[in-house]
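Engineer: To start, I am sharing the structure in question, which I have written as structure tokens.
The values are calculated or read from the model by the stated rules, or taken from the named source; none is laboratory data. Just so we're clear, the structure is a prediction, and the values are computed from it rather than from any experiment. In this analysis, Cβ positions are derived from the backbone assuming ideal geometry, glycine residues included, and neighbour counts consider all displayed protein chains.
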Amino acid sequence: MSSKLVALFLLILLYLPLKCHCSTPQSRVKAGYYFMGVGNLISDINFNLFTHLICAFTHVNYSTYHLSINSSTEQQFSTFAHTVKTKNPSVTTLLSIFVGREHLLNFFSMINQSSYRNYFVQSSIETARLYGFQGLDLRGVVPTGTSSDMVNFGTLLDEWRVAVNSEAKNSSNPELLLVMAGNRMPALGSVIYPIDSMRRNLDWVHVKAYDYYLPGRDRVTYFHAALYGPSNMANTDDGINEWKRRGFLPSKLVLGLSYHGYAWTLLIPQKNPVGAASTGPAVTKDGSMGYKHFKWFIRNYVHEAVSGYNATSVMNYCTFGFTWINYDDVEAIRAKVSYVKQKGLLGYNIFQVRNDDNWVLSRAAAEELDDENQNQKGRLLVIVLVSSSATIVLLLGSVWVMCYLRKRKVKSTGTVLKARKGQEAKVNGIATAGNLNTNVPDLVVYSYADIEMATNKFSFENKLGEGGYGPVYKGVLANKQEIAVKKLSKASTQGFEEFKNEVTLTAKLQHVNLVRVLGFCIERDEQMLIYEYMPNKSLDFYLFDSARRSLLDWKKSVHIIEGITQGLLYLQEYSRLTIIHRDLKASNILLDNEMKPKISDFGMAKIFSKDEHEANTGRIVGTYGYVPPEYVKKGLYSTKSDVYSFGVLILQIISGKKNACFYGLNEDLNLLEYAYDLWKSGKGMEFMDPSLDDTVSSCKLIRCLQIGLLCVQENATDRPSILEVSSMLKSESVALAIPKIPAFYTKRNVDEGTKSQFQPENCSVNDTTLSQMVAR
């Protein structure tokens, strides 16, 4: 009898969720574009207000048909997806590709050729995966040109979807989302979007429901994003209805919301209704302003402004003097999101989220859409309660079974608690145990309360940055000592092993060019590392910023190269065991108050005995652009892996250029290709940062360039050891080999058979020589 009751009880529990799930509506989309740019901090986004964030923009290089990212924003692109996932793992990130009207002819020409389409499709998928994005967005393609152009566009979408499905199947990754921004009307004249292909291949189309009227083009005032209006005036409702009439499902349409507006200059201030005569833009060159700029402008400069809300068109407006402004405020945003629900659309997409003012618009939009979800949840709850009440009698009969299971759970919980204590004991033991069999210097085991107080409760003001492990905070202990606290993020792919690895290694390794670990904290399920504080941040903070870059003159740059070399020499040559860092990059080179470099972040490091030369791993770690080809392709790593990373660093230090951007006349060369081609053609000084060039240092810069190229050669066996690199840097008598082609070099027909040769050099890198490399 009891077994039957248990079975019945389990069946009921399984049946109810399945029954209720059938009534669950499709999840709504709350998406938004995020524009990369100076001063835009990804971490400032209120991630709880969005389901999808679209990173804007990449462009198409029409010489190679590959995606191209502007070098000034590449660093932001490379961290976007990770930062979003760290803040809110439920948010989906997409990479946006912008075509633009000025490049439409090039785009249509590209998609006319099967091979060019393939280049574009493969590049888009590879770029999305490289930077950790979960989808791709295409923006700027409008139904212009010819009907054959739209046929080709439909073919592109077919091939894109096939490639996305194939890549996901072969890589075991989830399929990338495919979405695009659509024009207000799906047809312009006789040219129409390939509706069937779009419906078949795209996850959704977000309709560009704004910029209908512009002060730089139209000499009368009108709402640029009117939801409703007469048939002779552009409005959103007409556009959505036309998409539906053409056969596009509402459940695949997303409404575009604008967080910007436009300012017109009135011809006659007293005549300021909709449709008033205008002489052109006001306030800015084209009249466009973000919502937060409107609000700030009105609050601070225009006390006599008259604001209003047009419920018929669903737009806000404001007039003062000769100026007439229209934009979406909270009322309009709520009304438009309500329209999304009424029409059964999939959701909304914001252009762009950074224009919000303290997130008031995004919060209003999310609340309006979530009202529906709450109502749905309420109805589902009623269903569950009614269904459950019908089974109460049956469930009472199984009370004794539940009590039995509860007892088992209590026992299980006790086991879990014991396991947790065992893990803590394991962590507590890492300061005195591990793979190195020498005495570990004492590490401080900090309490959570101490670290919380030191960092002002991990306040935003104390936050220094964020990496793959998690956020880093500045702290001041009770004894006034400044510290840096690295706190494991719950969303991080790193964990206990990396934590243990870093404590074990950095506690053992004592060198002036390695960051020192002071202790750790493991209370409250946290894993925190406490370091000495580096007041001048990291090397990338200076290298890739045009203003701060000038602080790194040639003398400082030499000392930084020298210090990194000393740190690597200690790791590879002077410690009892060989340490391979595996994630050497500009952001992991910290600078103390005297700008002396210190290598940090040993979570990925590996230990070799002196008789080992190479190892293999099934888990590839590190940072794109700094890892050598043998590691990427085969999982092989050795001391030459760090030499490769160091070579990339040398090239970056002398050029100030990022390693994941494209350079050259056609912007189709990666950093290593660009450096190699300029060096080979005798134009090496064109590669250098101009602020480092003078009559004294030019020869030394070319020598540094050649040493860097030797370090990044494709074959690991061709690269010098760090000891040989040290000799090359400090002594002018050491001849340099002729570099072979660098890793990831695409011009395979060039220099394929080049043999290393030696040629004398007449200068060393330092003004005299680099100081003797010694262990500390």
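Engineer: Only one of (1) modelled with pLDDT under 60; (2) more than 30 Å from VAL515 (Cα to Cα) is not met by THR768, so which one is it?
Structural biologist: Against the list (1) modelled with pLDDT under 60; (2) more than 30 Å from VAL515 (Cα to Cα), THR768 comes up short only on (2).
Engineer: Sort out which residues of segment 79-105 are farther than 14 Å from PHE47 by Cβ and surrounded by 22 or more Cβ atoms within 10 Å (Cβ to Cβ), and write them in order of number.
Structural biologist: Across segment 79-105, the qualifying residues are LEU94, LEU95, SER96, ILE97.
Engineer: Look at GLN122 and say whether it is farther than 15 Å from LEU178 by Cβ, surrounded by fewer than 20 Cβ atoms within 10 Å (Cβ to Cβ) and of a type outside the set (Val, Ile, Thr).
Structural biologist: no
Engineer: Pick from segment 219-271 the residues that are in a loop (DSSP other than H, G, I, E, B) and among the basic types (Lys, Arg): which of them is modelled with the lowest pLDDT?
Structural biologist: Taking the candidates together, the pick is LYS271.
Engineer: Sticking with this structure for a sec: Counting just the residues of segment 226-260 that are surrounded by 18 or more Cβ atoms within 10 Å (Cβ to Cβ) and within 28 Å of the chain's Cα centre (by Cα), which one comes out farthest from SER362 (Cα to Cα)?
Structural biologist: LEU253
Engineer: Looking at segment 556-581, which of its residues are surrounded by fewer than 20 Cβ atoms within 10 Å (Cβ to Cβ), charged (D, E, K, R) and in contact (Cβ under 8 Å) with a residue 40 or more places away in the chain?
Structural biologist: Scanning segment 556-581 gives GLU573, ARG576.
Engineer: Could you tell me which numbered condition LYS169 fails, if it satisfies all but one of (1) loosely packed, with under 15 Cβ neighbours inside 10 Å; (2) among the charged types (D, E, K, R); (3) touching a residue at least 24 places away in the same chain (Cβ under 8 Å)?
Structural biologist: (3)
Engineer: If you check SER172, SER90, which single one turns out to be at positive phi and assigned by TED's automatic domain parsing to the domain that holds ALA209?
Structural biologist: Unique residue meeting the criteria: SER172.
Engineer: Tell me whether segment 224-239 contains one or more residues that are touching a helix residue (DSSP H, G or I) at 6+ places or on another chain (Cβ under 6 Å) and more than 17 Å from ILE350 (Cα to Cα).
Structural biologist: yes
Engineer: In addition: Tell me, yes or no, whether segment 301-318 has at least one residue that is modelled with pLDDT of 90 or more, surrounded by fewer than 19 Cβ atoms within 10 Å (Cβ to Cβ) and touching an Asp or Glu at 6+ places or on another chain (Cβ under 9 Å).
Structural biologist: The answer is no; no qualifying residue exists.
Engineer: Considering only residues of segment 586-603 that are in a loop (DSSP other than H, G, I, E, B) and surrounded by 23 or more Cβ atoms within 10 Å (Cβ to Cβ), which is modelled with the highest pLDDT?
Structural biologist: Per the stated criteria, the residue is SER600.
Engineer: Take the conditions under 26 Å from SER72 (Cα atoms), buried (at least 23 other Cβ atoms within 10 Å of the Cβ) and either at pLDDT 90 or above or among the hydrophobic types (A, V, I, L, M, F, W, C) (or both) and apply them to LEU710. Does it pass?
Structural biologist: When the stated conditions are applied, LEU710 does not pass them.
Engineer: Something else now. Which condition number in (1) assigned by TED's automatic domain parsing to the domain that holds ALA484; (2) crowded, with 23+ Cβ neighbours inside 10 Å; (3) not β-branched (Val, Ile, Thr) is the one that CYS521 fails?
Structural biologist: (2)
Engineer: Another question about this same structure. Restrict the check to segment 626-644 and report whether at least one residue is on the phi > 0 side of the Ramachandran plot and in contact (Cβ under 8 Å) with a residue 12 or more places away in the chain.
Structural biologist: Yes - at least one qualifying residue is present in segment 626-644.
Engineer: Restricting attention to segment 45-52, does a residue exist that is assigned to a helix (DSSP H, G or I), at pLDDT 95 or above and surrounded by 21 or more Cβ atoms within 10 Å (Cβ to Cβ)?
Structural biologist: yes
Engineer: Return the residues of segment 530-553 that are over 24 Å from GLN75 (Cβ atoms) and in contact with an Asp or Glu (Cβ under 9 Å, 6 or more places away or on another chain); say none if nothing qualifies.
Structural biologist: Within segment 530-553, just GLU532 meets the criteria.
Engineer: OK, next. Restricting attention to segment 155-177, does a residue exist that is aromatic (Phe, Trp, Tyr) and touching a Phe, Trp or Tyr at 6+ places or on another chain (Cβ under 8 Å)?
Structural biologist: No; the residues of segment 155-177 include none that is aromatic (Phe, Trp, Tyr) and touching a Phe, Trp or Tyr at 6+ places or on another chain (Cβ under 8 Å).
Engineer: What's the total number of residues in segment 642-686 that are under 23 Å from LYS585 (Cα atoms), modelled with pLDDT of 90 or more and not in a helix (DSSP H, G or I)?
Structural biologist: 2
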